[in-house]
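Notes for the one structure printed next.
The values are calculated or read from the model by the stated rules, or taken from the named source; none is laboratory data. Keep in mind it's a predicted model, so treat the numbers as computed, not measured. All Cβ positions, glycine included, derive from the backbone under ideal geometry; neighbour counts span all protein chains shown.
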Number of protein chains: 2
Amino acid sequence: MKKVVLKDIAQHVGVSTALVSYVLNGQAEEKQVSKENAEKIKLAAIELNYQPNQVAKSLRMRKTHTIGLVVADINYRFSTGITRAIEAEAKRLNFTVIFGSTNESPDKFTELTNVLVNRQVDGLILVPGENSQQQILHLQNSGIPFVLIDRYFPEIDTNYVALDNYKAAYDAVTYLVTSGHKRVSFINLKTSMFHLQERDRGYLDALKDHHLESRPEWLIHIDGDDLPHGIASAIQPLLNSADKPDAIFLATDRLTIEALKRLNTLGVKVPDDISVLSFDESDAFDLFYCPVTHGRQPLEEMGEAAVKTLINLINNQKINKKLTFQAGFVPGKSCRET
Amino acid sequence: MKKVVLKDIAQHVGVSTALVSYVLNGQAEEKQVSKENAEKIKLAAIELNYQPNQVAKSLRMRKTHTIGLVVADINYRFSTGITRAIEAEAKRLNFTVIFGSTNESPDKFTELTNVLVNRQVDGLILVPGENSQQQILHLQNSGIPFVLIDRYFPEIDTNYVALDNYKAAYDAVTYLVTSGHKRVSFINLKTSMFHLQERDRGYLDALKDHHLESRPEWLIHIDGDDLPHGIASAIQPLLNSADKPDAIFLATDRLTIEALKRLNTLGVKVPDDISVLSFDESDAFDLFYCPVTHGRQPLEEMGEAAVKTLINLINNQKINKKLTFQAGFVPGKSCRET
DNA sequence: TCTGTTGCTTTAATCGTTTAAAGAATTTAC
DNA sequence: GTAAATTCTTTAAACGATTAAAGCAACAGA
């Protein structure tokens, strides 16, 4: 069952490979191939079920029509959503996606991006983790087109597609405030990543602008490596304190899930005992006894924008795009109205 | 910032490309390259930061060291889990994964597998959907190595890695029976897929072997395209009937989630009013008020096995492997003990 | 001196495409 | 009738690697 190659068609029809190539690439007119030969070639291609070898094509064209996608962790809801969106848009534009997951390790990030570059991907869409600035700079230096998504480094001038984390957090807190909450706690991950720090800033600014008290012990940063323990030891003191918060705002979906589980086991009722607001959404919310109020990232739009930007970059050389999307908001019943 | 190619190193050192290739591929000894040249070449490769062009290599070697993965829907828990496992194992064996999602459409399945084959992947790992037998046969005919995972067609002789769905369902029902349940309903998807039909068979055989009543109206098949509606109109009659079932066994994670949501809105208490057992697990169970008893697929092992089988297939030509894994069981509190 | 061996290196074909450039056949122009 | 233009086709060089096979020195043995 030998593979049929261009030459086979040429021989079958009795012409040169050049003609075959012209015809099958739709340049029959342009290259003035005779109608007769064009017809014969097209028929032969179908008859022999010719499938062009993309590897050879890529080598010759120096374009693989492939984009590399590196996500921080395939298990995140964000990752599957954005992967799906990117894949769909890429397919629409006739690109293939190769992807990998770094599990938040900078070493794996470096390794993966290098592998993808060696595979001659035409460009990269990256969700960088902590301490990957070096590699970003290195990629920038190497000239390969890339777009950061979800996360970026304000000190490095790159193309990116991101959420307006500041405003999303600010608006979320404002929502809590206007629905009557006075003591709002924010639980975030302990991280140096800009996008999460922006959520802190949005929280703090909202409190300030609405003249609400802001206590250091209400802004909590927990270690992402052991969420159950982190959440447990964060929530206990909050609930025990004399004037405990009337709302908890959580910076990620996994934080919220962990917190809701914890509240469940402690027998704390949402929203009667305390309001809960989640920055991100999660499928798991479906089974919570009350609909969880949460923000929503426009994954489809972001994925689409990332692919479009990247492909422009691949084609046009120089563009500089820093796209910021606004989060949506899905009201539930997990925040008390007072 | 031109890319450094083999020739550049050759020129830099002042030797032919052959020598450079030998040295950089660890054949220095074998090909008796002089120590002196070998050293110079290695140094130059580092100095110039040479990165081999994998596309050229692939064309020449007729091996891309890439495997194509086609899943039914990237949003399934099964898909992300198996993807992660496959990716990890592939990386371990120095393979790259290109993947795509068919969203259960046979046309997309055909298209995707063809694209991957044209990209010269060395082999495929596939989760085929309904009505993809044709394409499976076609792939078989074309001689490309592939392994089915999760689902397969008993009438087609292929390599596969799958779960023992019959036994998993049988054992689950047996668990319900031995914990005192007498009227067990099974909700499955309406499908022609073998792996789901096996779950029916396991359910029915278990009932028979344990001398329990088996009513046609307790074995329910609902349309996967509109789960909420399907579940709603399936559960209502069950609960309303004179001697309603004391347990519901659900064939997939999404069915279980939908059912639990429905039971929530109906105010039916699990397990007091009715026991619930899920064939699959789901992250969403975390937030349900009681731990959901469920089966567990050994995704890591299955992914690993699929990759290993495929790579053997790629290297050794002919092997015939039909691997069946046993499901695990995670006891929760969603089934009454009586 | 010739032949053979050893040790090392280069040549050049190959993988399957694309595409300038050259070539051939036919028609048109004068 | 010949040159020029037109129409169609082929040739052959890329793309960047791998790798048989051939080549070249130097030296040994007869």
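Residue B:244 - would you say it is among the basic types (Lys, Arg) and closer than 18 Å to residue B:333 by Cα?
no
Residues considered: B:29, B:47, B:36. Of these, the only one that is more than 10 Å from DNA strand C (Cβ to nearest atom) and surrounded by fewer than 17 Cβ atoms within 10 Å (Cβ to Cβ) is B:47. Of all residues in the stretch B:90-106, those that are more than 9 Å from residue B:69 (Cβ to Cβ) have Cβ atoms under 6 Å from Cβ atoms of residues that are part of a strand (DSSP E or B), 6 or more apart or on another chain, in B:95/B:67; B:96/B:66; B:101/B:71. Within the bounds of the stretch A:50-58, is there any residue that is in contact with a helix residue (DSSP H, G or I) (Cβ under 8 Å, 6 or more places away or on another chain), more than 10 Å from chain B (Cβ to nearest Cβ) and either surrounded by fewer than 16 Cβ atoms within 10 Å (Cβ to Cβ) or among the hydroxyl-bearing types (Ser, Thr, Tyr) (or both)? Yes. Look through the stretch B:58-73, keep the residues that are part of a strand (DSSP E or B) and either among the aliphatic types (A, V, I, L, M) or free of Cβ contacts under 8 Å to residues at least 12 places away in the same chain (or both), and return whichever of them is nearest to DNA strand C (Cβ to nearest atom). Checked the stretch B:58-73; the qualifying residue nearest to DNA strand C (Cβ to nearest atom) is B:67. Evaluating residue B:88 against the criteria (1) within 14 Å of another protein chain (Cβ to nearest Cβ); (2) touching a helix residue (DSSP H, G or I) at 6+ places or on another chain (Cβ under 6 Å); (3) among the aliphatic types (A, V, I, L, M) leaves one unmet condition, (2). Checking each residue in the stretch B:269-326 for being in contact (Cβ under 8 Å) with a residue 60 or more places away in the chain and among the aromatic types (Phe, Trp, Tyr) picks out B:279, B:325.
For every residue, the table says whether it meets (1) surrounded by fewer than 18 Cβ atoms within 10 Å (Cβ to Cβ); (2) of a type in the set (Ser, Thr, Tyr); (3) more than 14 Å from chain B (Cβ to nearest Cβ).
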{"site": "A:80", "(1), (2), (3)": "no, yes, no"}
{"site": "A:94", "(1), (2), (3)": "yes, no, no"}
{"site": "A:100", "(1), (2), (3)": "no, no, no"}
{"site": "A:112", "(1), (2), (3)": "no, no, no"}
{"site": "A:116", "(1), (2), (3)": "no, no, no"}
{"site": "A:132", "(1), (2), (3)": "no, yes, yes"}
{"site": "A:142", "(1), (2), (3)": "yes, yes, no"}
{"site": "A:152", "(1), (2), (3)": "no, yes, yes"}
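Counting just the residues of the stretch A:231-260 that are over 25 Å from residue A:201 (Cβ atoms) and free of Cβ contacts under 8 Å to residues at least 24 places away in the same chain, which one comes out nearest to the other protein chains (Cβ to nearest Cβ)? Looking at the filtered set, the residue picked out is A:236.
Residue B:126 meets each of the listed conditions (1) closer than 28 Å to residue B:326 by Cβ; (2) within 14 Å of another protein chain (Cβ to nearest Cβ); (3) touching a Ser or Thr at 6+ places or on another chain (Cβ under 8 Å) apart from (2). Scanning the stretch A:180-225 for residues that are over 11 Å from residue A:170 (Cβ atoms) and of a type in the set (Phe, Trp, Tyr) yields A:186, A:194, A:218. Annotation note: of A:131, A:165, the sole residue that is touching a residue at least 24 places away in the same chain (Cβ under 8 Å) and either within 15 Å of residue A:323 (Cα to Cα) or among the charged types (D, E, K, R) (or both) is A:165.
The single residue among B:58, B:34 that is of a type outside the set (A, V, I, L, M, F, W, C), more than 10 Å from DNA strand D (Cβ to nearest atom) and over 30 Å from residue B:284 (Cα atoms) turns out to be B:34.
Only one of (1) within 25 Å of residue B:312 (Cβ to Cβ); (2) in contact with a helix residue (DSSP H, G or I) (Cβ under 8 Å, 6 or more places away or on another chain) is not met by residue B:106, so which one is it? Looking at each condition in turn, residue B:106 falls short on (1). From the list B:18, B:44, B:10, B:28, the lone residue that is touching an Asp or Glu at 6+ places or on another chain (Cβ under 9 Å), more than 9 Å from every other protein chain (Cβ to nearest Cβ) and of a type outside the set (Ser, Thr, Tyr) is B:44. Across the stretch B:292-311, not a single residue is classified as more than 18 Å from the chain's Cα centre (by Cα) and modelled with pLDDT under 95.
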